[in-house]
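First up is the structure itself, then whatever we jot down about it.
The values are calculated or read from the model by the stated rules, or taken from the named source; none is laboratory data. For clarity, every value in this text was computed on a predicted model and none was experimentally measured. Heads up, the Cβs are rebuilt from the backbone with ideal geometry, glycines too, and the neighbour counts pull from every protein chain shown.
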Amino acid sequence: MFFLDAYAEMKTMPPAIFLMGPTASGKTGVAVELVQRLPVELISVDSALVFRDMDIGTAKPDSATLARAPHHLIDIINPTEAYSAAAFRRDALRLMRDITARGKIPLLVGGTMLYFKALREGLSDLPQSDPAVRAALDAEIAQHGIQHMHQQLALVDTETAARLKPTDTQRIQRAMEIYRLTGQPMSMLIKQQALHELPYRIIPIALIPGDRAVLHQRIATRFNAMLKLGLVEELRALRQKYPLHPNMTSMRCVGYRQAWQYLDGEINATELLDKGLAATRQLAKRQLTWLRSMPDSIEMDCLVPDLTQTVFAVLTENI
């Protein structure tokens, strides 16, 4: 009876679509076509598309595409600013409520899997570092050693102490700091993290290539196109417009990191291409690893010729 009640409750929740996939899997094209077929509004789930003026290297949809299918959470901050998974979750939940209130369906599309995970599962609410507590811990470590503090941690948080090496100063200190700030073990806080279940019936679609080599070819074609379109020139203009440095979140994006090295004379044009391709393939590999760990995803081969129609058919059955 419990399962029947839970199923009935789930069916009454408004739907939300997660359209997930690695870079170059065709997510944006499918999403844009779905806007023409379904009562949906798009929310971008991409940690690079949030930055203004970063268009070529992020493969940002052009103005004509955005006019046809507007995306929320594109061009919302400058490249000098940072945007976290927590900020995304806050903004996405607000937008989802607004979209649902308008009688439409939120369609979240992108490849930043951490954002999808944060939205669906919530984030652990661990306290920020406290300078006074950290200073006191530094003094104790200097006087008694880190192994002594590891022993103290074992008395109050056995689980965390068991998984940390007695010489892992940074993590031991952080675990002890959390205990002194909250009076609770870090392991317990992580388990009790707000799983803030979404008040939506999630339809998670994962676009996964049936042939990884074909995806790599798509990646190569797209990165070459970015270079021809002026990725390096775009970065040069960004560096003139904003006070950027290479450790900023925006400049760590794939493509921009390698273009920065090129502009600084650290690598040549051939190395720019090779390093950019290698980094993009690694990104795709990480995205696919995340995707395969996502629960209940409906997997589809992103390389099939009628991908949009296939996705549309599944959605019409599940909405």
ask   = Within the stretch 10-32, which residues are buried (at least 18 other Cβ atoms within 10 Å of the Cβ) and at pLDDT below 95?
value = none
inquiry  = Going residue by residue through the stretch 101-108, is there one that turns out to be closer than 22 Å to Val232 by Cβ, of a type outside the set (D, E, K, R) and not in a loop (DSSP other than H, G, I, E, B)?
reply    = no
request  = Would you check which residues across the stretch 109-122 are within 19 Å of Thr289 (Cα to Cα) and part of a loop (DSSP other than H, G, I, E, B) and list them?
outcome  = Gly111, Thr112
ask   = Which condition breaks for Ala118 when tested against (1) of a type outside the set (Val, Ile, Thr); (2) in contact with a Phe, Trp or Tyr (Cβ under 8 Å, 6 or more places away or on another chain); (3) without any contact (Cβ under 8 Å) to a residue 12 or more places away in the chain?
value = (3)
task = For residues that are crowded, with 17+ Cβ neighbours inside 10 Å, touching a residue at least 60 places away in the same chain (Cβ under 8 Å) and not aliphatic (A, V, I, L, M), scanning just the stretch 217-241, find the one that is nearest to Leu283 (Cα to Cα).
result = Arg218
task = Any residue in the stretch 272-284 that's among the hydroxyl-bearing types (Ser, Thr, Tyr): show its pairings with residues that are assigned to a helix (DSSP H, G or I) at Cβ separation under 7 Å, as long as the two are six or more apart or on different chains.
result = Thr280/Ile219; Thr280/Phe223
Failed criterion for Leu303 (all others in (1) outside any helix (DSSP H, G or I); (2) closer than 18 Å to Leu49 by Cα; (3) in contact with a Gly (Cβ under 9 Å, 6 or more places away or on another chain) hold) = (2)
request  = Quickly run through the stretch 247-271 and pick out the residues that are outside any loop (DSSP other than H, G, I, E, B), hydroxyl-bearing (Ser, Thr, Tyr) and in contact (Cβ under 8 Å) with a residue 12 or more places away in the chain.
outcome  = Ser250, Tyr256, Tyr262
ask   = touching a residue at least 40 places away in the same chain (Cβ under 8 Å) and surrounded by 13 or more Cβ atoms within 10 Å (Cβ to Cβ) - does that describe any residue in the stretch 145-167?
value = no
key: Residues (closer than 16 Å to Cys253 by Cβ and either touching a residue at least 40 places away in the same chain (Cβ under 8 Å) or of a type in the set (A, V, I, L, M) (or both)) located in the stretch 64-80   = Leu73, Ile74, Ile76, Ile77, Asn78, Pro79, Thr80
query = Any residue at all in the stretch 188-207 that is more than 30 Å from Met96 (Cα to Cα) and either surrounded by 12 or more Cβ atoms within 10 Å (Cβ to Cβ) or touching a residue at least 60 places away in the same chain (Cβ under 8 Å) (or both)?
reply = yes
ask   = Do any helices (runs of 4 or more DSSP H) lying entirely in the stretch 155-242 carry at least 3 residues that are of a type in the set (A, V, I, L, M), and which ones are they?
value = 169-182, 186-191, 212-229, 231-241
query = Under 9 Å by Cβ, and 6 or more places apart or on different chains, what pairs join a residue from the stretch 91-106 that is assigned by TED's automatic domain parsing to the domain that holds Ile203 with one that is hydroxyl-bearing (Ser, Thr, Tyr) and assigned to a helix (DSSP H, G or I)?
reply = Ala92/Tyr115; Pro106/Thr100
remark   = By residue number, the members of the stretch 33-55 that are in a strand (DSSP E or B) and either aliphatic (A, V, I, L, M) or modelled with pLDDT under 95 (or both) are Val40, Leu42, Ile43, Val45
